[in-house]
Amino acid sequence: MWDARQADSWTFVSLPAEASAEIRDSGGATPRRGFGSVRVRVTVGDSTWATSIFPDTATGSYSLPIKKAVRRTEALEAGDVATVTVELVDS
């Protein structure tokens, strides 16, 4: 299940615990960048873009920012269910 926190321009989606653990265990989360971010390539529907995911210490998962333009293109609103593919990008 994905937990979305909506802001005006960005929605932050919490990656599932299993996916977050896999990212940490793969070593893909090191070396860390600013704020502990990890570079990724994301696909939602027909939209693919490069961004970073950020550790959420409150939940132990990673948060994925999804900008308003992508949500609009993919006709997504907070609370919708969507398939999201996250690929680690080599630093």
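Taken along the Cα-to-beta-carbon direction at a fixed 7 Å, the label points for Glu77 and Arg39 span 3.7 nm. Given their separation in residues at 0.36 nm each and the Cα-Cα distance between them, Glu87 and Glu18 gain 23.4 nm when the chain is fully extended.
Peptides 73-83, 43-53, 11-21, ordered by how many other C-beta atoms sit within 10 Å of their residues on average, highest first, read 11-21, 43-53, 73-83.
Every number in this text was worked out from the coordinates using simple rules, so none of it is lab data. Just so it is clear, the model here is predicted, and its values are computed rather than measured. Don't worry about glycine lacking a Cβ; one is built from the backbone with ideal geometry, like all the others, and counts go over all protein chains shown.
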